[in-house]
1. For the stretch 180-226, which trypsin sites (Lys or Arg not before Pro) are in a loop by DSSP, counting at most 14 other Cβ atoms within 10 Å?
2. Per the Kirkwood formula on distinct C-alpha pairs, the Rh of the stretch 40-93 is how many angstrom?
3. Once Rh is set to the Kirkwood radius over Cα pairs, what Stokes-Einstein translational diffusion coefficient, in µm²/s, holds for the stretch 54-124 at a temperature of 37 °C and a viscosity of 0.692 mPa s?
4. Along the stretch 119-132, what does the Karplus equation 6.51 cos²θ - 1.76 cosθ + 1.60 (θ = phi - 60°) give for ³J(HN,Hα), rounded to whole Hz, x for Gly and Pro?
5. What ranking of Val121, Val200, Val113 emerges when the number of other C-beta atoms within 10 Å of each C-beta is taken as an exposure proxy, fewest first?
6. When you have a sec, figure out the Kirkwood radius of the stretch 96-159 from all distinct Cα pair distances and drop it here in Å to one decimal?
7. Report the gain in length on full extension from Arg157 to Ala207: 0.36 nm times residue separation, minus Cα-Cα distance, nm rounded to one decimal.
8. Starting from the amide H of Phe41, placed 1.01 Å from N in the peptide plane, find each other amide H under 5 Å away whose residue is 5 or more places distant or on another chain.
Amino acid sequence: MHDSVLVSPSILSADMAHLADDLDKIAGADYIHIDVMDGHFTKNLTFGAGIVGACKRSTDVPLDVHMMVTNPDDTVDWYIDAGADLITIHFEASTHLHGTLKHIQSRGVKAGVVLNPATPVSLLENIIEDVDAVLLMSVNPGFGGQSFIEGTFAKIRELRALCERHGVSPLIEVDGGVSRKNVEAVCAAGANMVVAGSAVFGADDPASEIDVIRELGTRGLASARG
Ligand code: DX5
Ligand code: ZN
């Protein structure tokens, strides 16, 4: 397990006309979360591999690429080539989940699986030992600024128990509606990595907001360990 909670600000809430400036503001983050949406898996349409490559050239912070696309099995290489450090793909979208995760890892990139709010944690039973990360969606994918779905707390606890039973400790990442108001509880349930889009970019000082979220999350995680 990680001592300090990892904070991954989502550039979905950044100003695309001033992306380099916004990347500078979050230079103290642990990862940068890039929401790839294809207009099919999600209604929204956002970034492709070009933006991932542009971020890679503009920041030293590792890139956390969240692929909300219908065909992740066919397109992960574009994002690996563009410089992704962690790629997460949706359980609901991948036909060959094990194969694609292994392929990502074989290219030296961390690989994770994402569950939508209605997808049960129990479906991870036969893949949990093969992942570097599990991302639990705490909103329905598509847009920033939505409210955290409370049922996610039980899913985080269930995921932690599943990991313990299998003797593995992947990153447990939570995405959607996370802010300084709930991050302590999210991490007390067992999350050790959080995405925050509107909470970071909506703050007066994004850099210090990252520190506040990390500190509160780390306090929650420490309480979870007892
Ligand atoms: C939603 C995205 C999130 C989004 C989070 O589909 O996956 O990463 O940017 O935004 P906030 O933190 O504003 O809920
Ligand atoms: Zn995301």
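Every number here is computed from the coordinates shown, using simple stated rules; none is lab data. These figures come from a predicted structure and were not determined experimentally. Reconstructed Cβ throughout: ideal geometry from the backbone, glycine too, with neighbour counts over all protein chains shown.
1. Details: sites: Arg180, Lys181, Arg214, Arg219, Arg225; in loops: Arg180, Lys181.
Passing both the DSSP loop test and the Cβ count: Lys181.
2. Numbers: mean 1/r = 0.0869 Å⁻¹.
By the Kirkwood definition, the hydrodynamic radius is 11.5 Å.
3. On the way: Rh = 12.5 Å.
Roughly 262 µm²/s, to the nearest whole number.
4. Coupling constants for the stretch 119-132: 8, x, 4, 4, 5, 8, 3, 9, 10, 4, 7, 10, 10, 8 Hz.
5. Details: Val121 20, Val200 29, Val113 26.
Exposure proxy ranking, most exposed first: Val121, Val113, Val200.
6. Working: mean 1/r = 0.0778 Å⁻¹.
Computed over Cα pairs of the stretch 96-159, the Kirkwood hydrodynamic radius comes out at 12.8 Å.
7. On the way: separation 50, 0.36 × 50 = 18.00 nm, distance 2.93 nm.
Residue separation times 0.36 nm, minus the Cα-Cα distance, leaves 15.1 nm.
8. Excluding prolines and chain starts, which carry no amide H, the hits are Thr70.
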